[in-house]
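The values are calculated or read from the model by the stated rules, or taken from the named source; none is laboratory data. Owing to the predicted nature of the structure, the values given are computational and were not obtained by experimental measurement. Neighbour counts are summed over all protein chains in view; Cβ atoms, including those assigned to glycine, are modelled from backbone coordinates with ideal geometry.
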Amino acid sequence: MALIVQKYGGSSVADAESIKRVAKRIVDTRRAGHDVVVAVSAMGDTTDELLELANQVAPIPAPRELDMLLSSGERISMALLAMAIHSMGFEARSFTGSQAGMITDSQHGAARIVDVTPVRLREALDEGAIVIVAGFQGFNRDTRDITTLGRGGSDTTAVALAAALDADVCEIYSDVDGVFTADPRVVPKAQKLDHVSTEEMLELAANGAKVLYIRAVEYARRHGVLIHARSTFSSAEGTYVLGEGMKNPREAEGAVMEEPIVAGVATDFSHAKITVAGVPDVPGKAADIFKIVAKSGANVDMIVQNVSATGRTDISFTVPKADAAAALKALAAEQTEVGFQNLVHDDQIGKLSVVGAGMRTHSGVSATLFEALSAGGINIEMISTSEIRISVVLRGDDLAEAARTVHTAYGLDGDAEATVHAGTGR
Ligand code: ADP
Ligand code: ASP
Ligand code: MG
């Protein structure tokens, strides 16, 4: 008998029928003799709809109240799921994040889990119940307020529960069969990966592959949790995310698995580019600019600076679209002080990233990328690299086509089209 944590995302519980399907899956796991703890997301696109509603009543909703609102989505699905399980003759008990002992820091909208005290969950398990926990939410001890963990945060809830309860596996159920070599909505020939290393998954998640939330993968790495990403809509095995020293449960004893050089391609439409034009080319100006941007709360991703011929230079950087307005406002306020000439805002960019641990030991990976883009007539605007990733910024309109071209160039195309079972891709 194992302890299994299962997480069901919004598209898995979008309506009553889907909730019943999930309930059956949970009950089947219980019937097989396992203890089951479930983290559940809000139904369908509920969180987006609640956000829109908030924006209709206030341009900048108070963070505390926004968390009160958004956390209600998961309360609806957890109670409905418990009811559906009851009606199948099984005992289930739902808990909010705070009842489940999900203790976080006080940062509304992006809280981090600092402790998990699952006393009530253990009691319920000991009494033979299936435990359902509202994902995406926690509680801060100092402010005594409800917090949320950031968009996609139900994945983190599940991993944190798996760590605290010492579960055998954390199964993350979604509308795709696992982690693919690219987003199957963008690259239909993407293939499901049997397994992926934690470090590769972190890079993919950080660069747009939202199938797993980056903080959940980080948490799993720190606490040695085995993640199995799989589909609610099929019984096929999914993808194992393997930390250092972790064994692939599917791998026969002693078998050596050959690792491809490139694990996958990620696409990201969520950033905007800001160009600070005509910056005096003297020491200290970049420091001034990025101090201002940091103070605005914007999270800078890529940076490029042009060579200057005239004593002035242009500095471009990318930030999440949601942070761009604050960064622009802060920079504009300091224009005279810094001495730049003007600001340009471009929110029509896309980022393409190629990720693979094999890049450490193989040369020519970037040449393949640049050749493929050039053959496709696609212009590159910015480039950045890490040890196991190459990213390029392109026109947003070119991104999907570029991803397909590059996917083919690395030999990642599968024979059949990947299935996306549900969801709106929102
Ligand atoms: P959930 O609502 O279950 O949390 P998400 O929408 O957050 O699901 O994540 C699943 C989606 O992630 C898929 O529908 C797919 O479009 C997208 N996705 C992006 N990159 C990948 C990838 N490399 N592999 C699989 N899915 C991906
Ligand atoms: N419901 C939240 C969101 O849409 C959390 C999650 O689904 O993981 O971001
Ligand atoms: Mg998700």
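State which residue is farthest from Ala325 (Cα to Cα) when the search covers only the range 290-302 and only residues that are touching a residue at least 24 places away in the same chain (Cβ under 8 Å) and aliphatic (A, V, I, L, M). Restricting to residues being touching a residue at least 24 places away in the same chain (Cβ under 8 Å) and aliphatic (A, V, I, L, M), the top hit is Met302. With respect to the conditions (1) surrounded by 17 or more Cβ atoms within 10 Å (Cβ to Cβ); (2) touching a residue at least 60 places away in the same chain (Cβ under 8 Å); (3) more than 16 Å from ligand 3 (Cβ to nearest atom), Arg64 lacks only one, and its number is (1).
Residues of the range 11-53 that are touching a residue at least 12 places away in the same chain (Cβ under 8 Å), aliphatic (A, V, I, L, M) and away from ligand 1 (no atom under 16 Å from the Cβ): Ala16, Ala23, Val27, Val36, Val37, Leu53. Suppose we keep only residues that are charged (D, E, K, R) and either within 16 Å of ligand 2 (Cβ to nearest atom) or at pLDDT below 95 (or both) within the range 33-76. Which one would you say is nearest to Ala160 (Cα to Cα)? Taking the candidates together, the pick is Glu74. The single residue among Ser231, Ser174, Ser235, Ser154 that is under 17 Å from the mean Cα position of the chain (by Cα) and more than 9 Å from ligand 1 (Cβ to nearest atom) turns out to be Ser231.
Among the residues of the range 217-228, is there at least one that is of a type in the set (Lys, Arg), modelled with pLDDT of 95 or more and more than 17 Å from Ala357 (Cα to Cα)? Within the range 217-228, one or more residues are of a type in the set (Lys, Arg), modelled with pLDDT of 95 or more and more than 17 Å from Ala357 (Cα to Cα). The set of residues from the range 166-217 being within 16 Å of ligand 2 (Cβ to nearest atom), assigned to a helix (DSSP H, G or I) and buried (at least 22 other Cβ atoms within 10 Å of the Cβ) comprises Ala205, Ala216, Val217. Can Val420 be described as within 16 Å of ligand 3 (Cβ to nearest atom), crowded, with 18+ Cβ neighbours inside 10 Å and not polar (S, T, N, Q)? Here the answer is yes, as Val420 does meet what is asked. From the list Ile19, Ile4, Ile103, the one residue that fits, being surrounded by fewer than 23 Cβ atoms within 10 Å (Cβ to Cβ), on the phi < 0 side of the Ramachandran plot, in contact with a Phe, Trp or Tyr (Cβ under 7 Å, 6 or more places away or on another chain) and among the β-branched types (Val, Ile, Thr), is Ile103. Here is the figure for the range 218-228: residues that are farther than 20 Å from Leu149 by Cα and buried (at least 23 other Cβ atoms within 10 Å of the Cβ) total 0. Can you spot a residue in the range 241-253 that is in contact with a helix residue (DSSP H, G or I) (Cβ under 9 Å, 6 or more places away or on another chain), assigned to a loop (DSSP other than H, G, I, E, B), modelled with pLDDT of 95 or more and among the hydrophobic types (A, V, I, L, M, F, W, C)? No - not one qualifying residue is present in the range 241-253. Contact annotation: residue pairs with Cβ atoms under 7 Å, 6 or more positions apart or on different chains, pairing a residue in the range 134-155 that is at positive phi and in contact (Cβ under 8 Å) with a residue 40 or more places away in the chain with a partner that is more than 8 Å from ligand 2 (Cβ to nearest atom) and among the charged types (D, E, K, R), are Gly150/Arg215; Gly152/Lys210.
The set of residues from the range 30-61 being closer than 20 Å to Phe95 by Cα, more than 16 Å from ligand 3 (Cβ to nearest atom) and of a type outside the set (D, E, K, R) comprises His34, Val36, Val37.
If you go through the range 280-303 one residue at a time, do you hit one that is more than 16 Å from ligand 2 (Cβ to nearest atom), touching a strand residue (DSSP E or B) at 6+ places or on another chain (Cβ under 7 Å), over 20 Å from Met382 (Cβ atoms) and not acidic (Asp, Glu)? For the range 280-303, residues more than 16 Å from ligand 2 (Cβ to nearest atom), touching a strand residue (DSSP E or B) at 6+ places or on another chain (Cβ under 7 Å), over 20 Å from Met382 (Cβ atoms) and not acidic (Asp, Glu): present. Taken together, Glu203, Glu127, Glu199, Glu123 contain a single residue that is of a type in the set (Asp, Glu) and in contact with a strand residue (DSSP E or B) (Cβ under 7 Å, 6 or more places away or on another chain), which is Glu203.
Taking the criterion of being crowded, with 24+ Cβ neighbours inside 10 Å and either assigned to a helix (DSSP H, G or I) or polar (S, T, N, Q) (or both), the residues of the range 144-165 that qualify are Thr147, Thr148, Ser154, Asp155, Thr156, Thr157, Ala158, Val159, Ala160, Leu161, Ala162. In the range 127-165, of all residues being within 21 Å of Leu50 (Cα to Cα) and charged (D, E, K, R), the one that is farthest from ligand 2 (Cβ to nearest atom) corresponds to Asp145.
Apart from one condition, Arg404 fits all of (1) assigned to a helix (DSSP H, G or I); (2) within 16 Å of ligand 1 (Cβ to nearest atom); (3) over 20 Å from Leu193 (Cα atoms); (4) of a type in the set (Lys, Arg); the exception is (3). Only residues that are among the hydroxyl-bearing types (Ser, Thr, Tyr) and within 14 Å of ligand 3 (Cβ to nearest atom) were counted across the range 169-190, and they come to 2. Could you give every pair whose Cβ atoms fall below 9 Å, whose first residue belongs to the range 212-223 and is more than 18 Å from Ala182 (Cβ to Cβ), and whose second residue is surrounded by fewer than 24 Cβ atoms within 10 Å (Cβ to Cβ) and among the hydroxyl-bearing types (Ser, Thr, Tyr), counting only separations of at least 6 or pairs across chains? So the pair list comes out as Glu218/Thr198; Ala220/Thr198; Arg221/Thr198.
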